[in-house]
1. Which numbered condition in (1) part of a loop (DSSP other than H, G, I, E, B); (2) among the hydrophobic types (A, V, I, L, M, F, W, C); (3) open to solvent by less than 40 Å² (accessible area, probe 1.4 Å) is the only one that Val722 fails?
2. Where the second residue is part of a loop (DSSP other than H, G, I, E, B) and among the small types (Gly, Ala, Ser) and the first is touching a residue at least 12 places away in the same chain (Cβ under 8 Å) and lies in segment 421-446, which pairs have Cβ atoms under 7 Å and are six or more apart or on separate chains?
3. What number goes with the only condition from (1) in a strand (DSSP E or B); (2) in contact with an Asp or Glu (Cβ under 8 Å, 6 or more places away or on another chain); (3) over 16 Å from Val140 (Cβ atoms) that Phe360 does not pass?
4. Report yes if Leu668 is open to solvent by 10 Å² or more (accessible area, probe 1.4 Å), hydrophobic (A, V, I, L, M, F, W, C) and touching a Gly at 6+ places or on another chain (Cβ under 8 Å), otherwise no.
5. With respect to the numbered conditions (1) open to solvent by 20 Å² or more (accessible area, probe 1.4 Å); (2) in contact (Cβ under 8 Å) with a residue 12 or more places away in the chain, which one is the sole condition not fulfilled by Ser779?
6. I'd like to check something: does segment 251-268 contain any residue that is at pLDDT 95 or above, at positive phi and buried (at least 18 other Cβ atoms within 10 Å of the Cβ)?
7. Somewhere in segment 497-517, is a residue out of contact with any strand residue (DSSP E or B) (no Cβ under 8 Å at 6 or more places or on another chain), within 29 Å of Arg652 (Cβ to Cβ) and buried (at least 24 other Cβ atoms within 10 Å of the Cβ)?
8. Taking only pairs six or more apart or across chains, which ones have beta-carbon atoms under 6 Å, a first residue in segment 613-642 that is more than 26 Å from Ala86 (Cα to Cα) and modelled with pLDDT of 95 or more, and a second residue that is of a type in the set (Gly, Ala, Ser) and surrounded by fewer than 16 Cβ atoms within 10 Å (Cβ to Cβ)?
Amino acid sequence: MAGVIAAPEWYASVSGLKIHPALLKVVEETVCPGTGFSPSYFWACLARLTAELRPELEACLVRRDELQAKIDGFYERCRASGGDPAAPEMRQQCKAFLREIGYLEEDRGPVSVATQFVDVEIASVPAPQLVVPSDNARYVLNAVNARWCSLFDALYGFDVIPSTSVQLGAGGVGFVLQGSDATGPAPPSTGGYNPLRGEAVIEFANGLLDEIAPLAFGKWSQVTRLWPKFVGQRQQLELQLQSGDTTSLRIPSLFVGSVGSLGPPNATSSVAAAPAKLPALPDTGRIFLKHNGLHMVLEIDRDDPIGRAALSGIKDITVEAALTAILDMEDSVSAVDAEDKARIYSNICGVMRGTLEAPFVKDGKSFVRRPNQDIWFRDEKGDAKSLPGRSVALVRNVGHHMFTDMVVTADGRMVPEGFVDCLVTTAAALQDLRSTGSIVNSRVGSVYIVKPKMHGPREVALTSSIFGRTEEFFGLRRNTIKMGIMDEERRTSANLRECIRAASERVFFINTGFLDRTGDEIHTCMLAGPVVRKADMKKEAWIKAYEDANVDVGLHSGFQGKAQIGKGMWAKPDSMKAMLEAKIAEPMAGASTAWVPSPAAAALHSLHYHRVDVPTRQMQLAMRPPAKVEKLLEPPLLQATLDAKAIDEELRESAQSILGYVVRWVDLGVGCSKVPDLSNVGLMEDRATLRISSQLLANWLHHGLVSEQEIRDTFKEMAKVVDQQNARDKAYRPMSTNPDGSIAFQAALRLVLNGKTAPNGYTEFTLHEARRRAKAAVSARL
């Protein structure tokens, strides 16, 4: 919890607060203009919010520590008496103890969410959700523009289409990978576009269309031409096959509109008698299909090299992919001071108001990335219609445990950072709510804030109070600010229904953040015994109960048609073939959304929502018996002694992962990194994965599986590996040459050595302190 500090003399004084000039400037020049509220009013609101609700926030943090101390004592007594905390006979005893201390709260029976004014992208249409660090404007724009993605680019640029020796020797021109700076590398090639890979992409696309938009007869690979045709008062899609026959969609209603010059095969003979040859005039246009609530756009252009290679003239399929995007202020950013937060706040305001731009240079040419405009077309009745061009933006604020010295109260105490985040996020959305911005984010007039790291119903109720007071300050309709509940802390999981009850008129999603949840599981059970290896954690009883219970509680609370039930992140951004095979399990498990790391991943994951009818699947799952809380509370302890080789492997893997992430966080300010593992497979790392690795080693250190000296020696060994993996980065500062003098190395080591006593196992405090020291060291050298 934050102590008393002395604000520097150069801080500005407004409304009884001392404010860092960088934050003051962004509020005056970016946050408040166009809202109808003055900066002084903004600061007065923050002062009131802090005075009213900081005492409750601090009481919640004290409660966390009290409960953890009691749980530690319970496990110490159990082990001292010769008991096994993981034994089946301990389940009821553990449950009774947790209920006695108030960790498990009274079950007050069924709850039904009553959230109103939720956009259909959240309430009704299952689809991927892209999470992006909000400190990088280009990445933010990539994310909000990832509502519409090129399927051909995603297939061609990744391992979904296997490379062959023949393909690698082919050359030519063609695909330009959309957003290639954000989606990962294409397979190796010697000469630009590879026509054999292109043919494989077209074959995949034809097979997909046969699956989700089958023809009345014939196959999509046989289609030579497509055009809309009025039948009565509505258009239908007509298709000509190689044979000269015409066919249509088996389900005509899948066709919802078109754009462009897509005429019949000829003007002199009937369609049925039309010859099976390419049209004299090249077709150019777009065919809009809609399946399971998601659109697919067939891009037809016979002048394009890809269109010429496809019999149908389809040069690409634009898929509706990430309907929602989380702009993250938390785990995936490195924001430690007012300058960092000012950049984030500027980006949030820009994307909400449609003014965000990101200049960049590609192939020697200058470009400017901007938010996509809406997409217009003529529907099946001939009426002009539009589709949103961008994902609905959600904003993840920081957790209740974070305080910031960019604002200090008159009594010298830091302000809760989440209070500032909430006010800025809401102010950024005011132009959208009033239709004075250049684009629309929420078409129903809501603001979506994802709140992480909440422990139990009391903290959810606190968040609701923060949102309520913010609405009053800005004159908004009650419950305008919607709440996303991250089910990523053990006490929230165990009391999820009561958490939903505390926000039943605001909640718009629950999400199983299994990475942070695993870190909290290890920390909560720190003294129960040594935990299993990371790779074995998903086999444990608690995690299946956790994933199932999240869906069960959401469905039984009436989320269907009102709110999202979400699943976590795919952590291998270059392994799209594996994602395409594995991530379909999430909609099959009842999730209406799941997290992806890139536009390409969003494009490919969207196929799962075509293949799984999520509402029907949810109705099936609602009939099963709900997951039991006893399973949820089983600690993931080792049941057999690990040999020295297994221990050393885990120690090396974890040390390398920790160092690989921390060094870029601390030295370079990169909050979310693709860190190569010991096999040089790139894995997405953020503070959640860091929490797991550091807590696991802290647990093993406490229980004697590894010694402090072994940890120190292994970290020095792995620092050499990480240095070598980053050798091509000119901004990188090696750790292995002077580990004692490396701020990043020492921070990584402290995360493990002090992990047992870190509040809830959080890594933020150590990382923030180290990053600020690193920034100060750089400034001192200038």
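The values are calculated or read from the model by the stated rules, or taken from the named source; none is laboratory data. Remember, it's a predicted structure, so these values are computed and weren't measured experimentally. Using ideal geometry, Cβ is built from the backbone for each residue, glycine included, and neighbour counts are taken over all protein chains shown. Each accessible area value is taken on the protein alone, full model and side chains, heavy atoms only, with ligands, DNA and RNA left out. Shrake-Rupley method; radii C 1.70, N 1.55, O 1.52, S 1.80 Å.
1. Every condition holds for Val722 apart from (1).
2. Once the first residue is touching a residue at least 12 places away in the same chain (Cβ under 8 Å) and sits in segment 421-446, its partners that are part of a loop (DSSP other than H, G, I, E, B) and among the small types (Gly, Ala, Ser) give Gln431/Gly34; Gln431/Gly437; Asp432/Ser442; Leu433/Gly445; Thr436/Gly34; Gly437/Gly354; Ser438/Gly354; Ile439/Gly354.
3. So the condition that Phe360 fails would be (3).
4. On the way: open to solvent by 10 Å² or more (accessible area, probe 1.4 Å): yes; hydrophobic (A, V, I, L, M, F, W, C): yes; touching a Gly at 6+ places or on another chain (Cβ under 8 Å): no.
So Leu668 fails the test.
5. Single failed check for Ser779: (2).
6. yes
7. Step one: of segment 497-517, the residues out of contact with any strand residue (DSSP E or B) (no Cβ under 8 Å at 6 or more places or on another chain) are 497-498, 501-502, 504-505, 517.
Right, trim to within 29 Å of Arg652 (Cβ to Cβ) and you get 517.
Remaining after also requiring buried (at least 24 other Cβ atoms within 10 Å of the Cβ): 517.
Yes, because at least one residue in segment 497-517 is out of contact with any strand residue (DSSP E or B) (no Cβ under 8 Å at 6 or more places or on another chain), within 29 Å of Arg652 (Cβ to Cβ) and buried (at least 24 other Cβ atoms within 10 Å of the Cβ).
8. Nothing qualifies.
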